[in-house]
Every structure is written in structure tokens, then in C-alpha cells.
Amino acid sequence: MIHGNSSCKEVFARQLKDLSKTKLGIVAPDLPGHGGSDDSRRPSTTYSFPGYARVLSQLMRSLGYSSFHVMGWSLGGHIGIEMLASDSAVRSLLITGTPPVRLTPEGVARGFRWTAATALAGRKTFSQDDVRRYTTAMMGKRLRNDHRLLEMARRTDGDARHWMVANGMAGRGADEIDVVSTSDRPIAVVQGKSDPFLRVDYLERVPFRNLWRRNPILIDAGHAAHWETPTEFNDAMMDFVTNH
């Protein structure tokens with residue numbers, strides 16, 4: 001389970017009870033530069049889709065997994081697509097809040113909406129107001145001042161935001177359209193209809209080769225569908241992971 005930009009593993013708290021009913025192991029780490037993980041000593045390489053993917057593939061092997069499902073939210077979905085391209089151990093991929101794009105400025109613009117909140121995604125230094133605006137857009141509502149997700153947004157290494165966006169715009173990573181249109185491993189898209197960051201009409205046109213149910217599953221939520229509407233999201237998640 002791979003969290004999003006300036007977030008942490010706790011963002012998946014509302015999925016753990018249902019997943020614990022399966023025989024699957026559950027791995028929900030904090031990415032480098034996020035949550036309880038150390039900041040990277042090599043920020044320009046670690047904070048990229050390939051850099052994160054390498055770290056997580058190494059983690060899964062160190063934990064003894066030779067095959068695993070990946071669920072990625074937002075940035076986590078882009079990392080998941082990179083892992084699908086680079087790691088044969090990935091059995092399936094579920095993405096939410098993640099439009100597969102070509103890693104060029106033009107490709108990114110096709111998949112994402114440009115808003116004031118989007119502009120914060122690569123900002124190295126967050127003011128208190130930036131933290132509040134970004135987390136509100138990400139989570140679909142204003143969080144209380146002592147909320148863990150707000151604290152973790154403040155904690156995030158600013159280099160993680162800066163280099164993730166800079167590396168993505170520079171094309172450092174797999175062509176995500178090529179990956180999802182050629183991989184025969186199953187991919188599920190469970191997506192909030194009212195996501196302020198991405199273009200849902202674009203997502204519906206992406207030529208997935210093996211898209212579960214042949215269409216994105218659209219639910220009444222924003223960017224964090226798994227957090228905002230966990231019952232509906234979890235129903236789809238459980239159906240997908242227990243049948244693949």
C-alpha cells in the first residue's frame with residue numbers, strides 16, 4: 001500500500017480492517033522523506049518514481065515476498081505503475097487518484113488539472129497555509145489542527161516534493177501509457193468522480209490492456225476515495241485483490 005505526496009501510511013487506516021480478513025500480508029510503509037522514514041541522502045535520485053520503486057521492491061524482498069499486489073494512491077499509484085514496469089513480482093495493481101501519463105509536460109497536462117493546490121505538489125517549502133490548503137484538497141475536507149495527516153504533511157522533506165515533480169517532468173521513469181497499455185497483469189482503477197487534481201474524462205480514455213471490469217470504477221468522492229468513502233472503495237478493493 002503506497003501513500004501519496006506529503007502523506008503517510010496512516011492514510012490507509014480505513015482499509016486495514018477489511019484487508020486483515022484475507023490471508024494476505026499487509027505492508028504499508030512510509031516512503032523515504034515521509035512519515036517515520038528517514039529523509040533520503042540522495043534526494044535527486046531517490047525522490048523519483050524509479051527511486052521510490054527500487055526502495056519498495058527491495059523492501060518487499062527483504063520481507064520475504066516473491067509475489068504481491070500493489071495498491072497506490074496519487075503519487076503511490078505512479079510508483080505502482082513504475083513497479084509494474086520494473087518488477088515481475090508485482091501480481092496486480094490498483095490505483096486511485098492516479099492518471100497514467102507520459103512523463104512530459106504535455107503528457108502531464110493532459111492527465112492533470114492545473115489548480116492552486118496542484119501547484120503546491122512540487123513546492124519545496126510549505127507555509128502553514130500551504131499545509132492546510134494542500135491537505136484539504138488531498139483529503140476532501142479540512143482536517144483538525146492536531147490531525148496526524150496534517151502533522152505528516154508538515155514533516156515531509158521538501159526535497160521529496162521538489163525532486164518528485166522535477167524528475168517526473170524530466171521524463172525520469174517509465175512511460176506510464178506504454179506500461180498500462182502493454183502489461184497483461186490486471187489493473188484496477190477505483191476513482192473519485194470529483195477529484196480536483198485529475199481529469200476523469202482523460203482517465204476513461206487511457207488504453208489499458210487488462211483493466212478490471214473494463215472501465216474505471218467511479219465513486220462519489222474526491223482525490224482520496226479510499227478515505228472519503230471507504231465502504232464503497234473497500235468493496236471494490238476486496239473484490240479485486242481476492243480474485244487475482
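Some points to look at:
- Residue count for the stretch 209-218, restricted to those that are crowded, with 20+ Cβ neighbours inside 10 Å and either under 17 Å from the mean Cα position of the chain (by Cα) or in a loop (DSSP other than H, G, I, E, B) (or both): 2.
- Test for SER194: is it out of contact with any helix residue (DSSP H, G or I) (no Cβ under 7 Å at 6 or more places or on another chain), hydroxyl-bearing (Ser, Thr, Tyr), in a loop (DSSP other than H, G, I, E, B) and at pLDDT 95 or above: yes
- Of all residues in the stretch 14-46 being among the aliphatic types (A, V, I, L, M) and in contact (Cβ under 8 Å) with a residue 60 or more places away in the chain, the one that is surrounded by the most Cβ atoms within 10 Å (Cβ to Cβ): LEU31
- You will find that of ALA170, ALA137, the residue that is modelled with pLDDT of 95 or more, more than 17 Å from the chain's Cα centre (by Cα) and of a type in the set (A, V, I, L, M, F, W, C) is ALA170 and no other.
- Taken over the stretch 118-158, the residue count meeting the criterion of being closer than 19 Å to THR98 by Cβ and of a type outside the set (Gly, Ala, Ser) is 8.
- The lone criterion from (1) among the charged types (D, E, K, R); (2) in contact (Cβ under 8 Å) with a residue 40 or more places away in the chain; (3) closer than 23 Å to SER194 by Cα left unmet by ARG91 is number (3).
- The stretch 47-73 - residue that is closer than 20 Å to GLY97 by Cβ and among the hydroxyl-bearing types (Ser, Thr, Tyr) and, of those, surrounded by the most Cβ atoms within 10 Å (Cβ to Cβ): TYR52
So that you can scan it fast, the table gives a plain yes or no per residue for (1) at pLDDT below 95; (2) small (Gly, Ala, Ser); (3) out of contact with any helix residue (DSSP H, G or I) (no Cβ under 6 Å at 6 or more places or on another chain):
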residue	(1), (2), (3)
PRO207	no, no, no
ASN215	no, no, yes
THR229	no, no, yes
ALA236	no, yes, yes
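- Residue within the stretch 94-115 that is hydrophobic (A, V, I, L, M, F, W, C), modelled with pLDDT of 95 or more, touching a helix residue (DSSP H, G or I) at 6+ places or on another chain (Cβ under 8 Å) and within 21 Å of VAL11 (Cα to Cα) present: yes
- Considering only residues in the stretch 98-119 that are crowded, with 19+ Cβ neighbours inside 10 Å and not polar (S, T, N, Q), the one that is nearest to ALA224 (Cα to Cα) turns out to be PRO99.
- Only listed residue being among the hydroxyl-bearing types (Ser, Thr, Tyr), surrounded by 17 or more Cβ atoms within 10 Å (Cβ to Cβ) and touching a residue at least 60 places away in the same chain (Cβ under 8 Å), chosen from TYR202, TYR134: TYR134
- Residues located in the stretch 8-32, provided they are of a type outside the set (A, V, I, L, M, F, W, C), more than 15 Å from the chain's Cα centre (by Cα) and assigned to a loop (DSSP other than H, G, I, E, B): SER20, LYS21, THR22, LYS23, GLY25
- Number of positions in the stretch 159-186 that are in contact with a helix residue (DSSP H, G or I) (Cβ under 6 Å, 6 or more places away or on another chain) and closer than 12 Å to ALA85 by Cβ: 5
- Tallying residues that are at positive phi and free of Cβ contacts under 8 Å to residues at least 12 places away in the same chain within the stretch 47-86 yields 1.
- Residue that is surrounded by the most Cβ atoms within 10 Å (Cβ to Cβ) [pool: residues in the stretch 219-244 that are more than 19 Å from the chain's Cα centre (by Cα) and assigned to a loop (DSSP other than H, G, I, E, B)]: HIS244
The values are calculated or read from the model by the stated rules, or taken from the named source; none is laboratory data. Since the structure is predicted, the reported quantities are computational estimates derived from the model, not experimental observations. Positions of Cβ are backbone-derived with ideal geometry, glycine not excepted, and every protein chain shown enters the neighbour counts.
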